[in-house]
Amino acid sequence: MFLDLFSWVFRVPHSIDDDDDDDDLEDHRTSCPAIVTRTPTQRTVFGSRGCNIYGYPSSGGIWLKEADVLDLLYLSLSRSEVCHRSTDPNEEDEFCDRLRRVGAKWWVSRWDWANATIGAREATEEELKVVMYGWPAEGAGVWVLRYESKRDVPDDFGRLRLALTMEESIARMREYGAEFTEDASQVPELRDGYRNQSDRRTAET
């Protein structure tokens with residue numbers, strides 16, 4: 001699961017409201033510093049078990065990815081120091097696009113993600129889906145590996161999280177049945193983009 005999730009769940013058994021005040025946010029941070037970003041500018045948030053990467057698109061919401069070492073290397077992020085979002089909206093949108101390329105998911109807010117993760121609301125099929133991408137160093141196209149949910153992931157899937165290069169990751173993905181698509185724009189999860197996520201956001205407000 002995500003960083004320190006279960007310890008946080010037991011401390012916060014109720015649904016979380018986006019309108020919680022700062023005092024409530026501070027309590028949640030004390031329980032689980034990796035669940036809630038300490039400021040809305042943090043790009044990487046480290047916890048006791050790893051790191052989460054956040055992207056802040058200009059269209060609203062957040063992109064979120066539980067980081068593997070390869071994700072940090074691919075995105076040129078520090079593996080030990082906190083990184084912050086760009087102050088330029090265009091640059092941040094470009095980062096969000098790259099973050100999508102390593103499998104990040106879009107959420108209305110960090111609270112929306114937390115509520116879906118702890119079961120305070122029912123997660124959608126897209127939110128449950130596990131998707132990994134492998135980008136060849138040469139040529140076009142992308143390798144895609146999909147599972148309907150984490151329950152369908154093989155027991156030894158952690159091997160992929162230990163890959164240190166994209167080539168190594170692709171080789172292991174292919175062992176699990178990854179498929180190659182020559183035109184990355186035809187991959188549904190990459191084609192839609194965060195600007196099309198506004199439909200769900202509008203429906204929930």
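Details
- Odd one out for Arg79 among (1) surrounded by 14 or more Cβ atoms within 10 Å (Cβ to Cβ); (2) over 22 Å from Ser59 (Cβ atoms); (3) of a type in the set (Lys, Arg): (1)
- Scanning the range 158-183 for residues that are surrounded by 12 or more Cβ atoms within 10 Å (Cβ to Cβ) and under 20 Å from Gly50 (Cβ atoms) returns Arg159, Leu160, Arg161, Leu162, Ala163, Thr165, Met166, Glu168, Ser169, Arg172.
- Residue selected from the range 102-129 under the condition open to solvent by less than 40 Å² (accessible area, probe 1.4 Å), in contact with a Lys or Arg (Cβ under 8 Å, 6 or more places away or on another chain) and among the aliphatic types (A, V, I, L, M), by the criterion farthest from Glu168 (Cα to Cα): Val108
- Residue check, Leu99 over 20 Å from Glu179 (Cα atoms) and open to solvent by 20 Å² or more (accessible area, probe 1.4 Å): no
Residue-wise test of (1) at pLDDT 95 or above; (2) within 21 Å of Leu72 (Cα to Cα).
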{"residue": "Ile118", "(1), (2)": "no, no"}
{"residue": "Tyr147", "(1), (2)": "yes, no"}
{"residue": "Lys150", "(1), (2)": "no, no"}
{"residue": "Arg159", "(1), (2)": "no, yes"}
{"residue": "Ile170", "(1), (2)": "yes, yes"}
{"residue": "Tyr176", "(1), (2)": "yes, no"}
{"residue": "Glu189", "(1), (2)": "no, yes"}
{"residue": "Ser198", "(1), (2)": "no, no"}
{"residue": "Thr202", "(1), (2)": "no, no"}
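- Restricting the range 38-64 to residues that are of a type in the set (S, T, N, Q) and assigned to a loop (DSSP other than H, G, I, E, B), the residue that is surrounded by the most Cβ atoms within 10 Å (Cβ to Cβ): Ser59
The values are calculated or read from the model by the stated rules, or taken from the named source; none is laboratory data. Bear in mind that the values here come from a model prediction, so they are computed numbers and not experimental data. Note: ideal-geometry Cβ built from the backbone for every residue, glycine included; neighbour counts use all protein chains shown. Areas reflect the complete protein model, heavy atoms only, side chains present, ligands, DNA and RNA absent. Shrake-Rupley method; radii C 1.70, N 1.55, O 1.52, S 1.80 Å.
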